[in-house]
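**Q** Would you mind keeping the following structure in view while I ask a few things?
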Amino acid sequence: CHNVCGLSHIFVVPEAEIKISMDGRSRYLDNIFIERLWRSLKQEAVYLHDVTNGFQTKRIIDEWIVFYNSERPHTALDKRAPDAAYFNHSEARKAA
């Protein structure tokens, strides 16, 4: 089973008031955004380097995340970086 389906979590999860969804409907939508993020990270940063250790990998990923949030244009945000879209929106709400 590709989902976590061991019996131990089946008993713990309801006690934590977490709803278990195993119906399979809309599953592709559940992870589409994170899958797209991982794909971008791998293609734009990780695969471009000959990574030799975990420290180098962390540095590459940290730098890419800063780039992704502060400089990389996003089509869904009218070609703005997420930081610009978020902070401009927040500033506009404060001014209103």
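The values are calculated or read from the model by the stated rules, or taken from the named source; none is laboratory data. What you see is a predicted model, and the numbers here were worked out from it, not measured in a lab. Backbone-built Cβ (ideal geometry, glycine too); neighbour counts: all protein chains shown.
**Q** Please state which of the following conditions Lys79 fails to meet, knowing it meets all the rest: (1) at pLDDT below 90; (2) over 16 Å from the mean Cα position of the chain (by Cα).
**A** So the condition that Lys79 fails would be (1).
**Q** For the subset of region 48-64 comprising residues that are in contact (Cβ under 8 Å) with a residue 12 or more places away in the chain and within 14 Å of the chain's Cα centre (by Cα), which member is surrounded by the most Cβ atoms within 10 Å (Cβ to Cβ)?
**A** Taking the candidates together, the pick is Trp64.
**Q** Also: Within region 38-76, how many residues are under 17 Å from Phe87 (Cα atoms), modelled with pLDDT under 95 and aliphatic (A, V, I, L, M)?
**A** Qualifying residue count for the region: 1.
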